Structure formats: C-alpha cells, structure tokens
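Q: One structure, as structure tokens, below. Some questions next.
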Amino acid sequence: MKRRDFINKAGAGAVIAGSTLLTPSLVHAKTKYKWKMVTAWPKNFPGLGTGANLLAKMINEMSDGRIKVKVYGAGELVPAFEVFDAVSKGTAQMGHSGAYYWKGKAAATQFFSAVPFGLTAQEMNAWLYYGGGMELWRELYAPFNLIPAAAGNSGVQMAGWFNKEIKSVDDLKGLKMRIPGLGGEVLRRAGGTPLTIAGGELFTALQTGTIDATEWVGPYNDLAFGLHKAAKYYYYPGWHEPGSTMEAMINKPAFEELPKDLQSIVLAACKAVNMDMISNYTARNNQALDTLVNKHGVKLMPLPDDVLKTLKQLSEEVVLELANKDPMSMKIYTSFNQFRSQVSQWSSLSEQAFLKARAL
Ligand code: CA
C-alpha cells in the first residue's frame, strides 16, 4: 500500500511538473512579440542612437527572436518629445530617451537624468541600483503605465559651445542658450534664456543665431553635429550634466504580457547597454576631442571658478524648489540628496584623490 501510494504520488507529481513546466514554455516558445522602440535621437546617432540600436539587437538576440524590436529615430514614428506619450499609450512598446525631457509630465523625472552638480555616472548607477533610486523611478512612472530602466550614460558632459568668451556671470546675462532640464532653469536664474531644442535642430539654430550658445553632450556627439563650425569657444566642465542617464521606458501592459524569462531579458539588456554606453563615450570622447582641438582648432576653455560657484549656488536653490513642488519630488530629492552627501565623501577619497594623484 505504502509503495503504491508513493508511486501514485510520484506519478501525480510528474504530471504536475509536466503541466507547469513543459506546457507553458512550449506555448511561450511559439509566442513572438513585435515591439516598436521610439527614440528621442536621430536614427543611428553616435552613442545615443547606436545605444538604442544595441538595446534592440541584444533583446532580439538574447530572446532568440522571440521579441523583435524595431527602432525608430526621432520623427520617424513620433517626434523626439512625444516618446513618453507614445510608450505610455502603447503606440510603441518601448522608448529610449532622457527623463528630463518629461518634466512637464512630472517635475521629478529630472532626478533620473541629470541634476546640476549632482551625481557622476558611477555614483548615479550606485544610487539607482543600490541606493533606492530605481524603486523611486518605478513609482514615479507607474501612473503613466510605464516601467523605466537605466539604459545608457554619457559621463560628464561639456558645458557647451559659446560664440563669446564667458569671463564672469555677467556674460551669461541675456544669453540665449539651448540647455534643457534643471540646468536650463539655473541659467535663467543667472540671467540667461534657456531653450529646449531637439538635437537634430541644434546646428542650424546656432549657426543662424537663433541661439547664442548650446550644450549637447561631449566631444564625440558634438563633433558628429559639427557644432565647432557654428561656435568658437568650447567650455568645460558640464556642471549641469555630470553623468546623464539615458532611459529605456517600457509600456507596462506590453511588459506584463511577456513570460518571466523575456521580462528578465529585456531588463538585463537595458543594464548591459547602460554599461556599454558609458564605456563607448569614454573611449570616443578622447578621440573626438583630439580631432576637435588638433584638426579643427577649437578653443577649449574652463568656466571660471566664480562662475561655477554662482551656478552651484543657483543649482541648490533650483533643485530645492523642485523638491518642494509635490510630495513625490520631495521623496526623491531626499533620497538623492542623502545619497549625494554620503557618496561625495567617498568619491573625494577615492576617484577625486586618485585622479589628483595621477595628474601630479
Ligand atoms: Ca546635454
């Protein structure tokens, strides 16, 4: 009797195992998903567009073709600044962009791309993955039917291209500059006029005098747009974008429709691209800087310390005001700010001290 019970139970167990493990995976193996990825970048744009391409390629390959992601450049399916709405509504299943473009949707999105005098790429990833940042980002995007993921980082950017020298804060007064997000608000406080213009329109805007100055990313991307042909002075450092995170956003119902393994593949691909992009930028910026300076005779200039000090003071004000806009912004600010204080101490003993030592 006992032996028969055992056999019966074992048999029943095998059937259960078969039905829960084998059948669904066979169903999943047959289900193919066709996704659209809309992006805020010109198609194939170095670093950003190619980062989006890599993300799609990795998802296609890692899923063995079970998810086929087609990438659309800015304006191909929707304009650059409609990526958020398109993915939120499910017009596209995925998007690749920068979270600060969506400050009109929720002010706190800006904490997830670039905060002036905020976190470097390494520190930002630490906050997102191990400091509570990712959980807050998911909470912020949930009402929009979106799941966010970090999917790229530019590293420290350049302060930008100017058609005149910046010797003091007075030189920022009346300056019409393309500078999005919180950095733009800081420039406004310093007396300038910030504008948000999509990357693809920058060169013409600067060349025709619609704007007096622009920031974009760094040598690699700025060279690709030919910005050195439209302005003379190239300033550093990118105080406003010390390590900008690029985002992947995924339409929530589309994500939830996927079996667990494909969900994991999508998120793992985002994480891989997040690391790939910063490596790509670090390598290419060196080469492009050399070309800009030695081939095109670009004038590299550091922003004067007193200009940076003023911009830093204004940044603290602007970020605090953002925090006071709504409870969610305050919650994210508190986490971000606490992390920045802690990590600053460690970074000054590690990265900063080492870089200083290496330069001796
Ligand atoms: Ca930028």
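The values are calculated or read from the model by the stated rules, or taken from the named source; none is laboratory data. Just so it is clear, the structure is predicted and the values come from calculations on it, not from any experiment. So basically every Cβ, Gly included, is an ideal-geometry build from the backbone, and we count neighbours across all protein chains shown. SASA here: full protein model, heavy atoms, side chains in, ligands and nucleic acids out. Shrake-Rupley method; radii C 1.70, N 1.55, O 1.52, S 1.80 Å.
Q: Given (1) away from the ligand (no atom under 16 Å from the Cβ); (2) out of contact with any Phe, Trp or Tyr (no Cβ under 7 Å at 6 or more places or on another chain), where does HIS240 come up short, assuming only one miss?
A: Exception for HIS240: condition (1).
Q: Could you tell me how many of the residues in segment 156-212 are away from the ligand (no atom under 12 Å from the Cβ), in a strand (DSSP E or B) and among the aliphatic types (A, V, I, L, M)?
A: 1
Q: Of all residues in segment 81-109, which are under 19 Å from the mean Cα position of the chain (by Cα) and open to solvent by 10 Å² or more (accessible area, probe 1.4 Å)?
A: PHE81, GLU82, ASP85, SER88, GLN93, TYR100, TYR101, LYS103, GLY104, LYS105, ALA106, ALA107
Q: Can you spot a residue in segment 288-296 that is closer than 26 Å to THR109 by Cβ and either part of a helix (DSSP H, G or I) or of a type in the set (Asp, Glu) (or both)?
A: Looking through segment 288-296, none of the residues is closer than 26 Å to THR109 by Cβ and either part of a helix (DSSP H, G or I) or of a type in the set (Asp, Glu) (or both).
Q: Within segment 114-138, how many residues turn out to be more than 18 Å from LEU320 (Cβ to Cβ), open to solvent by less than 10 Å² (accessible area, probe 1.4 Å) and touching a strand residue (DSSP E or B) at 6+ places or on another chain (Cβ under 8 Å)?
A: Counting residues in segment 114-138 that are more than 18 Å from LEU320 (Cβ to Cβ), open to solvent by less than 10 Å² (accessible area, probe 1.4 Å) and touching a strand residue (DSSP E or B) at 6+ places or on another chain (Cβ under 8 Å) gives 3.
Q: Shifting gears a bit: Every residue in segment 313-333 that is surrounded by 13 or more Cβ atoms within 10 Å (Cβ to Cβ) and within 22 Å of the chain's Cα centre (by Cα), please.
A: Within segment 313-333, SER315, GLU316, VAL318, VAL319, LEU322, ALA323, MET328, SER329, MET330, LYS331, ILE332, TYR333 meet the criteria.
Q: Let me ask something else. Among what's in segment 139-154 and is buried (at least 23 other Cβ atoms within 10 Å of the Cβ) and not aliphatic (A, V, I, L, M), pick the residue that is nearest to the ligand (Cβ to nearest atom).
A: Here the residue is SER154.
Q: Here's a follow-up. Of the residues that make up segment 43-52, is at least one out of contact with any Gly (no Cβ under 8 Å at 6 or more places or on another chain) and basic (Lys, Arg)?
A: No - not one qualifying residue is present in segment 43-52.
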